[in-house]
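Chemist: Pasting in a structure now, in structure tokens, and then I'll have a few things to ask.
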Amino acid sequence: MPSTRALLASLSALALSACAVGPDFVAPVPPQTTSGPLLSAADPAFSAEQAAEDWWKLYDDPVLDGLVADALASNTDIRVALANIEKARAGLRGSRAGRLPQGTIGAGATYGRLPESQRAAGADRENWTIDGGLEVGYELDLFGRVGRDIEAARGDLQAAQADADTVRVIVVADTTRAYADAASGGARLAVARRIVGLLDRSLELTRRRYEAGLATGLDVAQISALRDQRAAEIPLIEAERQASLFRLATLTGRPPAELPEIASTRAVSLEINRPIPVGDGAALLARRPDIRAAENRLASATARIGVATADLYPRITLGGSIGSTGSDIGDIFSGGPLRWLLGPLLSWTFPNQEPIRARIAAAEADSHARLAEFDGAVLGALEETETALSGYAHSLERRRSLQSARDQAKRAADITDAQLREGTVDSLRVLDVQRTYAEAEAALADQDAQVSRRQIDLFRALGGGWSS
């Protein structure tokens, strides 16, 4: 007994003095320049306020709010991401189990015949042998293999959670964009039908003038061709609008037939008519879940270097077993043939450790790759955001020019209406000016749709929406 106590005391001391081999994870620090103001955010279209998390609520549209809530609750991509979190959580639970004793219960029964020379006096040569026992082992994590494995599993879980947040960002942006495209499609359809109506009137008037000898067949053919060209655009716009609604149904986790009818009634482009809060580079890097996922993957890869390195050193397991063997089931519980063992087990791969060193080198290379992915995620986030900022600012500039052109075309239409009442111009001239006005409205409607898309692209680049 004294020797047993001494052995246990020695092993306990070793366990307490254990150290984790391999590098400790240190969070990478992005370049200082990435934390300053965003280059394209100086435009008056933006403000330095922190970007909104629930950014879609800035549109003040209850229908959109409900669709986004449905998408966050039922989208299939989010469900997959949540399942991946549960998978990673199970992996962490399995790694933590390495700190607990592992037990195995075994039992068996065999029937056999012993050689005459091995038969005990008075015993049968043929009989049953029944064996049962319990084995318990506990690994003394002297070099941190189990601890590093837990670190790696924890990094995998946190990366899976960040991946789920990234999916939420994408789903919210895609849902808002599908709704915005459907709304813009309604606005574009209204303008397209108005243009066709005006061309119908122009065609009818030109035919009358042709019958009166005041126009040529060429005039009729030209107006007819233009009318048919513009009418051919209506089915295309309608198909794009329907595709947006079908996409919206998929994003919100429902068949197209179950999409709320109100989602297809809006015919005004979705837009926020005030400066967009964008924050700065530091806030962007802290908010983007893809950067957080890349950092957690780097932490996991760093921990796995320690897991591989621990195999260079002995693995000590404190084990024990208790069991019994007899010729029938009664002997197992009688206590007579009881056996027990207690002692440490040392396992060490030596002297050929080249396979272990190869695994260490592979783990180090993997950590280098994860570091490069982190750097790429930072640079990619800045590129995406700067591009979105620039694209949105320039789309606003183009829309201002198209608004000016539309206003001038409207002014020309008002003037010709007045001249028509005074009798100084004919109806065909008035219809031609009105058609020009309608064409300017069509171009503006197309640009309004583009502004909506650019705006949503910007919010997506800013990384908001996942925290809800």
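The values are calculated or read from the model by the stated rules, or taken from the named source; none is laboratory data. Predicted, not measured: the structure shown is a model, and the values here were computed from it. Counting neighbours? That spans all protein chains shown, and the Cβs are built from the backbone with ideal geometry, glycine included.
Chemist: I'd like to check something: does region 332-341 contain any residue that is without any contact (Cβ under 8 Å) to a residue 12 or more places away in the chain, touching a Gly at 6+ places or on another chain (Cβ under 9 Å) and of a type in the set (S, T, N, Q)?
Modeler: Yes, region 332-341 contains a residue that is without any contact (Cβ under 8 Å) to a residue 12 or more places away in the chain, touching a Gly at 6+ places or on another chain (Cβ under 9 Å) and of a type in the set (S, T, N, Q).
Chemist: Restricting to region 328-349, and then to whatever is more than 18 Å from ILE105 (Cβ to Cβ) and at pLDDT 85 or above, can you tell me which residue is surrounded by the fewest Cβ atoms within 10 Å (Cβ to Cβ)?
Modeler: Among them, the one singled out is LEU346.
Chemist: Based on what the data block shows, is ALA363 outside any loop (DSSP other than H, G, I, E, B), modelled with pLDDT of 90 or more and touching a Lys or Arg at 6+ places or on another chain (Cβ under 8 Å)?
Modeler: For ALA363, the condition - outside any loop (DSSP other than H, G, I, E, B), modelled with pLDDT of 90 or more and touching a Lys or Arg at 6+ places or on another chain (Cβ under 8 Å) - is met.
Chemist: Return the residue satisfying two criteria in turn: it lies in region 46-76 and is outside any helix (DSSP H, G or I) and among the small types (Gly, Ala, Ser), and of such residues it is surrounded by the most Cβ atoms within 10 Å (Cβ to Cβ).
Modeler: Across region 46-76, the extreme among qualifying residues is ALA51.
Chemist: Scan region 165-210 residue by residue and report those that are within 17 Å of ALA413 (Cβ to Cβ) and of a type in the set (D, E, K, R).
Modeler: ARG194, ARG201
Chemist: I'm told ALA267 meets every condition in (1) in contact with a Gly (Cβ under 8 Å, 6 or more places away or on another chain); (2) in a loop (DSSP other than H, G, I, E, B); (3) farther than 24 Å from ALA187 by Cα except one. Can you identify the failing condition by its number?
Modeler: Result: ALA267 passes all but (3).
Chemist: Shifting gears a bit: With the checklist (1) within 21 Å of the chain's Cα centre (by Cα); (2) farther than 30 Å from ALA461 by Cα in hand, flag the one item LEU142 doesn't pass.
Modeler: So the condition that LEU142 fails would be (1).
Chemist: Within region 241-297, track down each residue that is over 22 Å from GLY66 (Cβ atoms), of a type in the set (A, V, I, L, M) and in contact (Cβ under 8 Å) with a residue 24 or more places away in the chain.
Modeler: Here is the first cut: in region 241-297, the residues over 22 Å from GLY66 (Cβ atoms) are 273-297.
From what is left, the residues that are of a type in the set (A, V, I, L, M) are 276, 278, 282-286, 291, 293-294.
Within region 241-297, ILE276, VAL278, ALA282, ALA283, LEU284, LEU285, ILE291, ALA293, ALA294 qualify.
Chemist: Next up: Is there any pair with a first residue in region 42-55 that is more than 9 Å from PRO277 (Cβ to Cβ) and at pLDDT 90 or above and a second that is in a strand (DSSP E or B) and not aromatic (Phe, Trp, Tyr) whose Cβ atoms are under 9 Å apart and which are 6 or more apart or on different chains, and what are they?
Modeler: Listed pairs, sorted by first residue: ALA45/ILE276.
Chemist: Still on this structure: Looking at ARG254, ARG241 in this structure, which one is in contact with an Asp or Glu (Cβ under 8 Å, 6 or more places away or on another chain), surrounded by fewer than 16 Cβ atoms within 10 Å (Cβ to Cβ) and within 30 Å of ALA73 (Cβ to Cβ)?
Modeler: ARG254
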